[in-house]
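**Student:** Encoded as structure tokens, here's the structure I'll be asking about.
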Amino acid sequence: MEPENEIDEDLEKIRKKKLENLMKESEQEMKPKLNINTVGKPVILNELNFWEVVQKNARTLIDCYADWCGPCKMLEPIFEKLAVIHQNILFGRINVDFAPKISKQFQIRSIPLMLFFKNAHLVDTLLGAQSYETIEAHIKRFLS
């Protein structure tokens with residue numbers, strides 16, 4: 001084997017290893033870090049971490065939204081306030097524009113949409129920009 005071919009093969013091995021490491025790092029960055037810092041504030045979710053988060057938490061409330069959605073923006077401060085009050089529930093937000101598999105799985109046709117999970121099972125949904133009181137009533141009914 002010529003020395004030049006050996007160098008090419010070595011370079012290709014290094015490239016593959018580097019690409020693998022970058023992919024692993026990228027996946028780790030996409031996962032939320034569920035620790036004390038996430039208590040009391042919504043966690044940003046995506047298709048890579050959605051089910052992991054739902055399965056690891058006994059009670060989860062997910063806000064399905066899009067950046068361009070006016071009613072979604074109106075709901076955001078209410079959702080954040082509820083996250084502070086209900087620290088025994090993991091509050092998450094997922095941008096449906098970047099989560100087509102989740103949108104398809106839950107047949108999301110309109111937003112904002114809240115998904116209520118208890119022990120990784122969907123127990124209720126709430127469509128539209130609802131009032132604080134309405135969301136609070138659903139939390140008490142389905143997640144308490």
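A short reminder: the numbers here are calculations on the coordinates, not readings from a lab. Since the model is a prediction, treat every value here as computed from it, not as a measurement. Reconstructed Cβ throughout: ideal geometry from the backbone, glycine too, with neighbour counts over all protein chains shown.
**Student:** Taking amide H positions as placed 1.01 Å from N in the peptide plane, with prolines and chain starts having none, which residues 5 or more places from Gly92, or on another chain, fall under 5 Å of its amide H?
**Tutor:** Val43, Leu61, Ile62, Asp63
**Student:** For a footprinting-style exposure proxy, rank Cys69, Cys64 by other Cβ within 10 Å, fewest first. Please report the intermediate quantities before stating the final value.
**Tutor:** Details: Cys69 18, Cys64 25.
The order, fewest Cβ neighbours first, is Cys69, Cys64.
**Student:** Same structure again: If you plug each phi of segment 87-102 into the Karplus form 6.51 cos²θ - 1.76 cosθ + 1.60 with θ = phi - 60°, what whole-Hz ³J(HN,Hα) values come out, in order, with x for Gly and Pro?
**Tutor:** Working through the residues one at a time gives 6, 8, 10, 7, 9, x, 10, 10, 7, 5, 5, 10, 9, x, 5, 5 Hz.
**Student:** Give me the distance in nm between label points sitting 7 Å out from Cα along the Cα-to-Cβ direction at Gln55 and Trp68, one decimal.
**Tutor:** Simple spin-label model gives 3.3 nm for this pair.
**Student:** Residue by residue through segment 52-64, what is 3J(HN,Hα) from phi via Karplus (6.51 cos²θ - 1.76 cosθ + 1.60, θ = phi - 60°)? Round to whole Hz and write x for glycine and proline.
**Tutor:** My calculation for segment 52-64 gives 4, 5, 4, 6, 7, 10, 5, 10, 9, 10, 10, 9, 8 Hz in order.
**Student:** Follow-up. Under a plain spin-label model, where a point goes 7 Å from the Cα along Cα-to-Cβ, how far apart in nm are Lys101 and His121?
**Tutor:** 2.4
**Student:** Okay, moving on. Calculate, in nm to one decimal, what Ser110 and Arg15 gain on full extension: separation in residues at 0.36 nm each, minus their alpha carbon distance.
**Tutor:** Values: separation 95, 0.36 × 95 = 34.20 nm, distance 4.35 nm.
The Ser110-Arg15 span can extend by a further 29.9 nm.
**Student:** Taking segment 58-128, which trypsin sites (Lys or Arg not before Pro) meet the DSSP loop condition and have no more than 10 other C-beta atoms within 10 Å? Numbers along the way, then the final one.
**Tutor:** Values: sites: Arg59, Lys73, Lys81, Arg93, Lys101, Lys104, Arg109, Lys118; in loops: Arg109.
Filter output for segment 58-128: Arg109.
**Student:** Something else about it: What list of ³J(HN,Hα) values in whole Hz, one per residue of segment 111-122 in order, does the Karplus curve 6.51 cos²θ - 1.76 cosθ + 1.60 (θ = phi - 60°) give from phi, with Gly and Pro shown as x?
**Tutor:** Per residue, the Karplus-derived 3J(HN,Hα) values read 9, x, 9, 9, 10, 9, 10, 10, 6, 6, 10, 5 Hz.
**Student:** Under a 5 Å amide H to amide H cut-off, with H placed in plane at 1.01 Å, what residues pair with Asn49 once short-range neighbours are removed?
**Tutor:** Correct list: empty.
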